[in-house]
Amino acid sequence: MSAAAPAQAMPPPPPPPAMTVGLVGWLRANLFSSRVNSALTVVLGAVLLWALVSLVGWLLFAADWAVVTTRTPLYLVGLYPAAEYWRPQAALLLVCLLLGVTWGRWGRAARGFALGLGVVLLVVGLLPHGMQPLNRALLLLNTAALGLGYLLTARLTLGRLPVFRRVAAALHARAARLYLRRPNRLPPAAWLTVQASRLLNAGAVGLGYLLTAWLALERRPWVRRAAAMQNALAARLALGRPKRLAALAIVSVIAALLLIRGIEGVPGLTPVNTQDIGGLLLNLLLALFGIVMSMPLGIALALGRRSNLPVVKMVCVGFIELVRGVPLITLLFMSRHILPLTFPANIHVDALYLSAITITLFSSAYMAENVRGGMAAVSEGQVEAARALGLRGWQTTLLVTLPQGLRNIIPAIVGQSISLFKDTSLVFIIGMLDLVEMGRVTIQGNQEFLDNGREVYVFIALVFWVFTFSMSFVSRRIERALGVGRR
Amino acid sequence: MAASNQSNGPGAQALDMDAVTRLPLEQRDDIIVCEHVHKWFGDFCAVRDVSMRVKRGEVVVIFGPSGSGKSTFIRMINRLEEHQTGAIVVDGIEMTNDVRNLDAIRREVGMVFQQFNLFPHMTVLNNITLAPQRVRHVPRQEAEAAARQLLERVGIPEQADKYPAELSGGQQQRVAIARALAMQPQIMLFDEPTSALDPEMIKEVLDAMRELAATGMTMLCVTHEMGFAREVADRMAFFDEGMLVEIGSPGQMFSNPKEERTRMFLDQIL
């Protein structure tokens, strides 16, 4: 092409090198590049396959899930009185409503999490296990609460309503891309794949078009009316405004906590013995409290450590280094058995509150170091620019360095939160029945379940994984929304 | 105390400037007075016995080899660096450790940095309105209107809602100029404003500075853009080894510098 162009004209840039696409090409390049590699691939593949087959076989046929399904409430809320189960349920409803509102406000950043939680709750609600119809209905109601929260804030636009239209368009584009790939040049296996996916795509595209044409939602008058009403309602409530959203969050979290704990003297809300709050609920409460409270405390400690006032600095450094030097399990033990020695004999501090405070203090020391690192990464020029504009020292910190520092450490904060959530299972040391401890007690306390340890711990691992994975998922979304590494 | 004597209202200030700029330079008052200023970093004497007076509305270009103390010197004018001996008086306010004096001076002195130092977590508009809102307590809408006007003035009104990282270097530096101007300073300091820019972007920043100089702003510019100096500067100051070696009009500096060191340096860079 460049030869035909006039000598003065800039030749067009060369095309990118051809991609060695296709499954076969990738396999050959990465797994079967030499005899040794091929042998390794085969052996490792066989081992993995064998492991997978045994695992799936056990999961589907050998495992006896009765230990989980007949005791579900124990794992979820511990010894919480069965007559009061509606209270944690209602608390969960509040949380779901709040999450729905957040989803409506933040869109993409919260959507995946909200939808994921909705699906999980729906599945759990429909699974066969020993649950009263009322509680099951309440559980299913959570999904509705998510949707309701979304509708209270989101700005729906009619053009976006028919999901199927977008799905169809995406499938269509994919089919077109595959079609452009010239399958006759591909190796036979890849050619087969392409043909097969083409067929599938053609079917899917046709189906998508049919659904779109059939639904054609935005053309129906009642849909238009409903959407207009929703928009008016969302605009009137304006829950999406940061201050209202924050207020709503605080109010609903406090309401949820009060519901769970109960209020003295209010009929129907008899206080629950804190020793009876257990299972996953306990892990979640401790983690939530620890994460929420250790943020401000950690920031304060980090700022204190950067302070020019020697006493403040010394106290903060001392606290941070002391706490970081001791394992959490030791701190928990000390808080229960050694700290009370220093109290007057008539003061009894609840194990739940003690462990919540200990976990918060423990986490805040680590959080402080994260925050300090994040703020140290903010360039000195930022401070100079702020000072040159006449901002005071505290304004510079609050408006310029701290926001940038915190944005730098979102991944670290989430990592910290994940490990905090997992660490909450250490409260068994002071006799609290968290999810893991509940599993142990269930196995050892019931003759018929003595052989079902695997099932219990697989279930517990899955529960922990779902929550920690959700956290890191949300974190990635927030990072993307805030553009870490881009700006 | 000294701060209360200053005219803070934008209207009063504008009137004041008009009257002043009609006067010839010699008859105007000194807005910056430095007497025998020293500054050490450890044992190293970065600024040595510098005395300089700058008239209201004057443009002074400061140049010299790297490490000659010129940046340190202008950073002392708004106390990003502290001077250790000598005296600096800015617009009648003596630079001391008194926080009120310092706040008053920083409100009067805007600064533009080599590395722009825009706040990356804020939009262009928020970068500009932050200080007026937080320091001068201008209402948000008023501050935003002023910010949009300033962006218009530096030629990038359409970038108001972008983030700094989405702009080119030249655009970022123009935002930085607008940000400093939003505080309605009497004096603007420029610390090598074009040194971090690609060649094709230098002109747009210099144009903004030219326009600013034409409005009668007092400017101290550390720069090696000698074309700009020849055209815009009222005086040029040559720094070497922490000392103010020579100060004079651009014509005299370029054609007939008094000091041998000035001549050698100019020969090297021209």
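The values are calculated or read from the model by the stated rules, or taken from the named source; none is laboratory data. All values reported here derive from a predicted model rather than from experimental measurement. Cβ placement follows ideal geometry from the backbone for every residue including glycine, while neighbour counts extend to all protein chains displayed.
One residue alone among A:Leu303, A:Leu361, A:Leu354, A:Leu332 is in contact with a Leu (Cβ under 7 Å, 6 or more places away or on another chain), of a type in the set (A, V, I, L, M, F, W, C) and either surrounded by 14 or more Cβ atoms within 10 Å (Cβ to Cβ) or at pLDDT 90 or above (or both), and that residue is A:Leu332. Can B:Ile105 be described as over 27 Å from B:Ser168 (Cα atoms) and in contact (Cβ under 8 Å) with a residue 12 or more places away in the chain? Against the criterion (over 27 Å from B:Ser168 (Cα atoms) and in contact (Cβ under 8 Å) with a residue 12 or more places away in the chain), B:Ile105 qualifies.
Residues in the stretch B:237-251 that are under 17 Å from B:Glu225 (Cα atoms) and not in a strand (DSSP E or B) were compared, and the one that is farthest from the chain's Cα centre (by Cα) is B:Gly251. Limited to the stretch B:103-129, what total is found for residues that are more than 23 Å from A:Asn408 (Cβ to Cβ) and in contact with a Lys or Arg (Cβ under 6 Å, 6 or more places away or on another chain)? Total satisfying the criteria: 1. Determine, yes or no, whether A:Met432 is in contact with a helix residue (DSSP H, G or I) (Cβ under 7 Å, 6 or more places away or on another chain), in a helix (DSSP H, G or I) and either within 14 Å of chain B (Cβ to nearest Cβ) or of a type outside the set (Val, Ile, Thr) (or both). In short, no. Which members of the stretch B:73-99 meet the condition of being of a type outside the set (Phe, Trp, Tyr), more than 12 Å from every other protein chain (Cβ to nearest Cβ) and touching a residue at least 60 places away in the same chain (Cβ under 8 Å)? Within the stretch B:73-99, B:Val90, B:Asp91, B:Gly92, B:Ile93, B:Glu94 meet the criteria.
If we keep just the residues of the stretch B:129-143 that are farther than 19 Å from B:Gln159 by Cβ and of a type in the set (A, V, I, L, M, F, W, C), which is surrounded by the fewest Cβ atoms within 10 Å (Cβ to Cβ)?
B:Val135
Scanning the stretch A:234-271 for residues that are among the charged types (D, E, K, R) and either surrounded by 11 or more Cβ atoms within 10 Å (Cβ to Cβ) or assigned to a helix (DSSP H, G or I) (or both) returns A:Arg236, A:Arg241, A:Lys243, A:Arg244, A:Arg261. For the stretch A:342-351, indicate whether the set of residues that are part of a helix (DSSP H, G or I), without any contact (Cβ under 8 Å) to a residue 12 or more places away in the chain and over 30 Å from A:Gly78 (Cα atoms) is non-empty. Checking the stretch A:342-351: at least one residue is part of a helix (DSSP H, G or I), without any contact (Cβ under 8 Å) to a residue 12 or more places away in the chain and over 30 Å from A:Gly78 (Cα atoms). Just one of the listed residues (B:Asp49, B:Asp103) is over 13 Å from the mean Cα position of the chain (by Cα), of a type in the set (D, E, K, R) and within 14 Å of chain A (Cβ to nearest Cβ), and it is B:Asp103. Would you mind finding the one in A:Ala481, A:Ala461 that is within 16 Å of A:Val68 (Cβ to Cβ) and part of a helix (DSSP H, G or I)? Just a single option satisfies the conditions, and that option is A:Ala461.
Among the residues of the stretch B:109-128, is there at least one that is surrounded by fewer than 22 Cβ atoms within 10 Å (Cβ to Cβ), of a type in the set (Gly, Ala, Ser) and either without any contact (Cβ under 8 Å) to a residue 24 or more places away in the chain or within 29 Å of B:Asp30 (Cα to Cα) (or both)? Within the stretch B:109-128, not a single residue is surrounded by fewer than 22 Cβ atoms within 10 Å (Cβ to Cβ), of a type in the set (Gly, Ala, Ser) and either without any contact (Cβ under 8 Å) to a residue 24 or more places away in the chain or within 29 Å of B:Asp30 (Cα to Cα) (or both). Filtering the stretch A:389-403 to residues that are within 7 Å of chain B (Cβ to nearest Cβ), under 18 Å from B:Ala176 (Cα atoms) and in a helix (DSSP H, G or I) leaves A:Leu399, A:Val400.
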